[in-house]
1. So, with +1 on the Cβ of K and R and -1 on the Cβ of D and E, and no other charges, what is the size of the charge dipole of the range A:1-124 about its Cα centre, to the nearest 20 debye?
2. What does the structure give for A:92-98 when I average, per residue, the other chain Cβ atoms found within 10 Å of the residue Cβ?
3. So which GluC sites (Glu not before Pro) in the range B:184-263 pass both tests, a DSSP loop state and at most 12 other Cβ atoms within 10 Å of the Cβ?
4. Applying a 10 Å radius around every beta-carbon, put B:388-395, A:197-204 in order of their mean neighbour count, most first.
5. Below 8 Å between Cα atoms, with a sequence gap of 6+, how large is the relative contact order for chain A in percent?
6. Is the shape of the protein assembly as shown rounded, prolate or oblate, going by the alpha carbon gyration tensor and its root eigenvalues a ≥ b ≥ c, with a/c under 1.5 for rounded and a/b larger than b/c for prolate?
7. Determine the gain in length on full extension of the stretch residue B:184-residue B:286; use 0.36 nm per residue of separation and subtract their C-alpha separation, reporting nm with one decimal.
8. Pull up the DSSP beta bridges for chain A and report the antiparallel fraction as a percent, rounded to 5.
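What follows draws every value from the coordinates through simple rules; no lab data is involved. Computed from a predicted model, the values in this text were never measured in an experiment. Glycine gets a Cβ as well: all are built from the backbone with ideal geometry, and neighbour counts include every protein chain shown.
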Amino acid sequence: VPVTVTDVLPDDEALRRARRERVLAEMEADDVDILIIGREANARYIAGAPRLWIAGSRPFGPGCVLVRATGAIHLISTWDEGIPDDIPHDHLHGITFNAMNVLQMLHDIEGASSAPRVATDGLTPGSAQLLPKAFPVAEIVDGEQLMRRARRIKTPEEIDAIRTSVRLAEAALESAESALRAGQTERQLTAVFMEAMASAGVTTPTTQDVAWITSREHPWRRSSRDTPVAAGDLVAFDAGVINSGYVGEVGRTRAVGEEAAATKRLFARWDELWDRLLEMCRPGTPLTAFFDAYDAAGVPLPPTPVVRGLGLGYDLPLATPALPRSAAEDRLEAGMVLALTAYAWQEGLGAAYGQDPVLVTASGPELLSTISSRNC
Amino acid sequence: MAAAPLSRIPATPDIGRMHRERAERVRAIMREQGIDALVLLGNTNVVYTTGAIWPFADSGRGNFEQPVAVVLADDESPHLFTPVRPDDRLRDVLPSDHVHGPAYLDFDEGVGVFADQLAELLPSGAVIAFDEWTHALRREHTILFASDTPVDGGRVISRAKAVKTADELACMRAGLRITEQAIAGVQARVAPGVRQTDLTATFLRAIFDAGADANILDPIWQVMPLRMSDGPWTTTGDLACPLLSTERELVEGDVLWVDTGISYAGFHSDFGRTWIVGRDPDARQRAQFEKWQSIMDAVLDVTRAGATAADLTAAAIDAAGGVKPWMPHFYLGHGLGIDSAEMPYVGSDIGEAFDASLVLAAGMVLVLEPIVWDDGAAGYRSEEVLLITADGWEPMTDYPYDPF
C-alpha cells in the first residue's frame, strides 16, 4: 500500500528514463524525428508528469512533444508543480484556447522547420490542416503505433506500480462488496467504491461503471442503474483505480443472498473457463487461443475484449471477437500485463464475470491480484 | 445581483422532445453544409447526438473503448456503435436496429469492418465529416474515405449545442442541484486535519448516491498561497490553478479554492467557491469578496442576449480598476453544457477581436468566474452559472457564498 502523498511529484526518475528510452528507440525504428502526443497516457509515459484527471476521451491536440535528436520534451503545463527537472521552464507551454498559439509553439520547437518525419498519436480534421504549417517539409505519420509498441512490454518498475494499483482497487472493491444487499442500487454501490478509493488517498477511477446487475434475459444488456438489487441477482463489479498513472483493475461477480444450485453450476462453469484462460497466459501464445479456450469450455464469447494490455490505461495486446485478424497476428510476450476476462451467461440466471490482472512471465502466468476470483 | 426566477425551465425534461429537437438542429446544419454523414468519436459528441449515457472512463481506457455515432442527413435517428453497456434510457431514444456492436476505429481491421457497415448506410461518394480522425481512418482509402482531409464534424456539434433548449436546461439544473447537494456535505466537513482526498471521498459518495452518472474531473480543493510568489512558477507569471489534490491536511486559516463538476443526463455541471478552513473571513478577506461581488455585478449589468463577450470583459476590467480580474491561462467565463467548458469563451487567449465578434444568444449557459487577487492575503474566486435571456440573465443555481 502506498505511503501518504501530500505533494504533487513527478514519476520516479528510473521509470521515466526507461520509458523514454523505449519511445526514442521506436521513433528511431520508424525514422520519426518529432513525436506529438495528444493522449494523456502517452504523455504520462514520455514526460512522467501528473496532470489533472478528466473523465472521458478528448480529441487530439498537442499536449506533449518529444524530439528524437535531443531527447527534449515539451509539455503543455502552465505551472511547474509535478514537472520533472529534466523538462526546463522554457519547455513548458501554457494552456491555450487559440490554435494560432498552438501553431506557434510547434513552429518554435527545435528542428521543426526541417524535420522530414513528424508523428502524432491522433488527428482531427483541424489539426491535420494545421500541422503542415508548423512542419513545412514533414510527412505526418502514425505515432500511435510506435507508442503501442513501446508500451506493450512492462518494465519491472511498471509492474510494481500496477501491483500497487491492484491492491488499492481490491481494497475499495471489498468495501463495495460488503455493501451489497437487496435494495441497494448500482449507483449506491458505485458510491461506496468511490468513497473507499478516495479515502485510501486515490481519487481517480479507471471506470465509473463499478457495479451492474447482470441481465437474466440478455447476455450483455443491463437495466437502469437505479434498479434495486434483488435476492438471487448476480451482481458484477468492475473495480479500477489509477494510481501514479497506472491501472489496477479487478472484476468480480457476487450472488445476492443464498446461492442457488443453478448459480453454483454457473460459477463452476466459470471456474473451468478461467482455468483454461489462465493456462494460456504464456509467451508465444497466439491471441486466438483465448477464443479457442472459450470454445473448449462451451462458453460463448462476450462481445467485449477477453484480453487486453494494462499499463497507463489500456495497452496492447487486444483480443476481441470484433477483431479476429488482429488477434491471429499477435502473440503474448513475457513482460505483458493482461486484463484477462472470463464471462459466462445463463438465461434466467445472469452472468458470472471475472477479470484479473495477469503478468506473463517466461515460466507462465502470475496473478497480480490477491483476492481469488474463483467462485468454487 | 437580484434576478428573475427560473421561469422558462420545465420542472421535468421531456427527453424524447429534447432528442428530436437536437436531431433537427444537427441535420439542418448538415444540410446547409452539404454533409451526408457525420461520424463522431468524441465521447460528448456521441452523447449529444445519440442520447446514449454511460459513465465516462479514464481517458486511457476511453480511447480503447470509444462509442461511435453516425448521423445521416436523411435519417432522423442516429446510429450508435458501442462497446459499453449504455443506460436503459437509450431504448427510449434509439431504435434497436440503430444500435450496433463496437467499432474499433483505432485499428486498421476495425476501420475495414466499419467502412463496410457505412457502405450499407450511405451511397458511394457521400460527403462524410469526422470530429476525430485516427491514423487508421486516415489509412483507409476506400471510396468512403477518399478525400485527403475530411470536413470537420466537430464544428457542426459546437454550433448545434451552443443554445440550450428548455428540456436541456431542465437536465442541466438537475445536475447542478446534485452537485450542490453533494458540495453542502463536503463544506460541512471542512476542518483542520481533514485531507483534501477526504473531501473528494465525501463528494464522490454523495454525487453517486444522489443520482450522478459520473464524476468528470478530479475535484480541486486548492490551498491558495498568501502571495503569488509563494506558489509554483508559471508560464504567465500569474497564479497556478487548478493544482492537483493530495492527502495534504487542511490547516486552520487555509484559503480553499474549490472547483468541481459532475455528469448527469449527458450534461456537465460546474461549481466554484472560496472557503476558509476553520475560521470566519477577516476584514481583508471580506473586502476581497465585496470587490468580487462588485465585479460580478458590473458584468451581470451588461450580460444579455446581443451583448458581445467584449462587453463583458470591458465591464469586468473597469470594475476591477483597469486590470483583468481573471487568470490569463483561462477566461472570465465559459459556456457549459455537454462539455464542462465549451463556447462561448469570454476573455480567453483567442483574443480581443474574437471577444468583440462573439455575440451572446438567449438560451446559452455561461459560467462567469472572475477572481480578486490580494497579494499577501490570497484572494477570492467563485463561479456563477447563468442562463442568458433576451433581456438579461437568470441564475441556474442558488448555492450560498458562506462563509462570506
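1. Values: 11 positive and 19 negative charges, 83 e Å.
I would put it at about 400 debye.
2. Details: counts 3, 1, 7, 8, 5, 12, 6.
For this peptide, the per-residue mean of nearby foreign Cβ atoms is 6.
3. Working: sites: B:247, B:249, B:252; in loops: B:247, B:252.
Sites meeting the loop and neighbour criteria: B:252.
4. Details: B:388-395: 17.1, A:197-204: 24.8.
Highest to lowest by the protection proxy: A:197-204, B:388-395.
5. Numbers: 782 pairs, mean separation 53.2, N = 376.
RCO, chain A: 14 percent.
6. Details: a/c = 1.36, a/b = 1.29, b/c = 1.06.
Because its axes are fairly even, with a/c under 1.5, the protein assembly as shown counts as rounded.
7. On the way: separation 102, 0.36 × 102 = 36.72 nm, distance 2.12 nm.
In short, 34.6 nm is gained.
8. Working: 47 of 56 bridges.
That works out to approximately 85 percent antiparallel.
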